[in-house]
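Below is one structure, written out as structure tokens; comments come after it.
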Amino acid sequence: MKESTISLKVNGDSYTLRVPVNRTLLQVIREDLGLTGTKEGCCEGECGACTILLDGRPVNSCLVLAVEADGHEITTVEGLSSEGVLHPLQQVFIEEGAIQCGFCTPGMLMAALGLLNENPSPTEEEILKGIEGNLCRCTGYTRIIKAIKKASEIVAQEKQ
Ligand code: FES
Ligand code: FES
């Protein structure tokens with residue numbers, strides 16, 4: 001398989017890697033960089049478990065080739081906390097019981113962060129739309145939506 005050299009910035013750290021041209025960004029994140037917080041579910045763009053931020057926007061990393069991400073900035077769930085302090089989204093997911101088995105949680109958090117980047121004060125309908133590509137088989141979504149709404153209020157307060 002043909003290979004290519006790519007440069008990525010992941011959670012603020014720069015990496016230069018040689019990768020087969022058919023390697024997905026998800027494979028690079030999990031297997032080459034060891035950032036296993038990003039989950040591998042369907043690998044077909046259906047479940048959202050692999051959601052990361054590419055230049056601040058949520059994408060399914062199983063559908064992005066690593067070579068397509070060359071020169072871009074990536075944020076994974078490992079990049080959410082800062083110096084041991086959880087991001088408000090993480091803290092509120094815990095407080096609101098928006099996590100059960102936890103498999104969807106990293107992707108859900110990144111989808112939520114992408115939503116708040118674009119729309120800091122979303123309505124419940126907008127939150128539902130923002131996470132429509134992320135499947136959760138456990139929670140019924142109600143607590144997740146409540147948690148994202150609460151986190152948006154905390155983030156807004158922090159910015160004042
Ligand atoms: S693993 Fe990427 S969408 Fe399911
Ligand atoms: S908490 Fe189990 S899939 Fe969402």
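The values are calculated or read from the model by the stated rules, or taken from the named source; none is laboratory data. Since the structure is predicted, the reported quantities are computational estimates derived from the model, not experimental observations. In this analysis, Cβ positions are derived from the backbone assuming ideal geometry, glycine residues included, and neighbour counts consider all displayed protein chains. Each accessible area value is taken on the protein alone, full model and side chains, heavy atoms only, with ligands, DNA and RNA left out. Shrake-Rupley method; radii C 1.70, N 1.55, O 1.52, S 1.80 Å.
Peptides 32-44, 63-75 ranked from most to least packed give 63-75, 32-44, packing being the mean of other C-beta atoms within 10 angstrom over each peptide's residues. If I compute solvent accessible area with a 1.4 Å probe over the protein chains, what percent of it on the chain is carbon and sulfur? Within the chain, the accessible surface is 47 percent carbon and sulfur. With helices as the sole contributors, the chain gives -9000 deg cm²/dmol at 222 nm; each DSSP H run of n ≥ 4 counts as -39500 (n - 2.57), and the sum is divided by every residue. Select from Cys101, Leu113, Pro88 the residue farthest towards the positive end of the dipole of region 88-159; place +1 on Cβ of Lys and Arg, -1 on Cβ of Asp and Glu, and compute about the Cα centre. Of the listed residues, the answer is Cys101. Of the listed residues Lys150, Lys2, the order by accessible area with a 1.4 Å probe, largest first, is Lys2, Lys150. Within the chain, helices built from complete DSSP H runs that reach 18 Å or longer along their own axis (Cα positions) and carry a mean Kyte-Doolittle hydropathy of -1.0 or higher are 105-118, 142-159. Working note: Karplus 6.51/-1.76/1.60 with θ = phi - 60° gives region 130-135 the couplings x, 10, 5, x, 10, 8 Hz, where Gly and Pro are set to x. Per residue, region 3-79 exposes 47 Å² of accessible surface when a 1.4 Å probe is rolled over the protein heavy atoms with every protein chain present.
For Cys62, the accessible surface of its heavy atoms amounts to roughly 10 Å² (probe 1.4 Å, protein chains only, rounded to the nearest 10).
For region 88-159, the solvent-accessible area with a 1.4 angstrom probe is 52 square angstrom per residue. For the residues Glu78, Glu158, a 1.4 Å probe over the protein chains yields an accessible-area ranking, largest first, of Glu158, Glu78.
Remark on Leu65: its backbone amide H falls under 5 Å from those of Leu25, a criterion applied only to residues 5 or more positions apart or on other chains, H modelled at 1.01 Å from N. Straight Cα distances below 21 angstrom link Lys146 to the lysines Lys129, Lys159, with same-chain residues fewer than 8 positions distant left out. Placing Arg57, Arg137 in order of accessible area, with the largest value first and a 1.4 Å probe, yields Arg137, Arg57.
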